[in-house]
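Only one structure is covered here, and it is reproduced in the block below.
The values are calculated or read from the model by the stated rules, or taken from the named source; none is laboratory data. Since this is a predicted model, take the numbers as computed values, not measurements. When we count neighbours, we look across all protein chains shown, and the Cβ atoms used for this are built from the backbone with ideal geometry, even at glycine.
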Amino acid sequence: MSIIEELLFTTVRIVAEEESGTERVGTGFFFDATVDQTRILPLIVTNKHVVQNARTGRFQLHEADDSGPQLRPLGRSFEIPLSNFESYWVGHPDASVDLCAMPFEPIQEQAEASGRRIFRRAFNESLILPESKLAELNAAEDILMVGYPIGLWDKTNNLPLIRRGVTASHPAVDFNGRPVFVIDAACFPGSSGSPVVLANIGLLYDKKLGAFGVGIRYALLGVLYAGPQMMAEGEIAVKPIPTKVMPIAQTPLMIHLGYVIKDREILTLACDIVQEAKRQGRL
């Protein structure tokens with residue numbers, strides 16, 4: 001399995017249901033937070049607005065085949081529901097950062113209780129670039145985004161969609177003074193919480209040397225959370241028309257840009273959850 005194919009197993013489709021019965025779909029991804037040199041705390045990361053006010057939530061997960069020396073996908077999936085869904089999630093310590101995470105343990109426990117093991121691939125701290133490495137990137141870098149735009153997915157195989165784009169602002173620069181950068185990619189509802197990845201394989205440009213080389217660059221750059229919109233106006237025909245009545249319809253349209261929360265905020269959230277778990281004696 002190539003690193004690009006492994007991306008298909010890094011995300012999970014989140015279906016959150018409000019008290020009113022309204023459902024919304026978002027993207028979560030697996031992240032293994034570092035506890036110490038020998039331990040990790042597996043998490044699922046998404047946006048706060050994906051799980052806000054949700055009474056129940058559902059995850060669709062890959063079943064693992066554990067008959068060999070290594071886990072591999074079995075080719076079928078199963079659903080894990082959770083009640084009091086919002087209560088499982090821990091928000092980023094900065095209320096203005098639309099990021100949250102929950103421990104993977106409750107999901108794993110449910111799966112094991114039904115005799116199943118879960119196949120997943122997780123991001124971790126080693127895939128987050130330090131500021132010095134971010135500065136070595138170009139303003140326009142090829143990126144991949146994995147998720148479920150407008151809820152779309154390969155239901156039969158439980159696989160997300162991979163979108164391709166480019167950074168529209170430099171990943172090392174805080175856009176408008178916030179821990180955010182901008183991507184030029186098609187972003188839609190359902191893509192919220194999607195990991196944005198630098199995944200270059202083959203011919204690479206070295207900014208320092210001003211030359212091309214061959215290699216692999218693979219890193220987690222951040223999490224999609226929003227996108228700017230423009231309003232499209234049109235006329236609504238009202239019939240019959242005894243007088244000239246022309247109300248204007250305003251429709252929000254995405255403009256092929258997305259706002260991405262920077263990777264360092266994932267680390268901040270993960271560290272906060274680990275420290276709190278240690279304080280409570282759970283680690």
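Observations
- Filtered residue count, segment 164-200, keeping only those that are in a strand (DSSP E or B) and touching a helix residue (DSSP H, G or I) at 6+ places or on another chain (Cβ under 7 Å): 4
- Among residues of segment 49-77 being crowded, with 20+ Cβ neighbours inside 10 Å and not in a strand (DSSP E or B), the one that is nearest to the chain's Cα centre (by Cα) is Val50.
- Filtered residue count, segment 106-154, keeping only those that are within 23 Å of Thr46 (Cβ to Cβ), charged (D, E, K, R) and buried (at least 17 other Cβ atoms within 10 Å of the Cβ): 3
- Test: residue in segment 5-12 that is under 15 Å from Ser83 (Cα atoms) and either at pLDDT below 95 or among the polar types (S, T, N, Q) (or both): no
- Residue identified as touching a Pro at 6+ places or on another chain (Cβ under 8 Å), assigned to a helix (DSSP H, G or I) and over 17 Å from Arg117 (Cβ atoms) among Leu8, Leu43: Leu8
- Flag for Ala101 being within 30 Å of Ile261 (Cα to Cα), part of a loop (DSSP other than H, G, I, E, B) and among the hydrophobic types (A, V, I, L, M, F, W, C): no
- Among the residues making up segment 56-87, those that are among the small types (Gly, Ala, Ser) and touching a residue at least 40 places away in the same chain (Cβ under 8 Å) are Gly57, Ala64, Gly75, Ser77.
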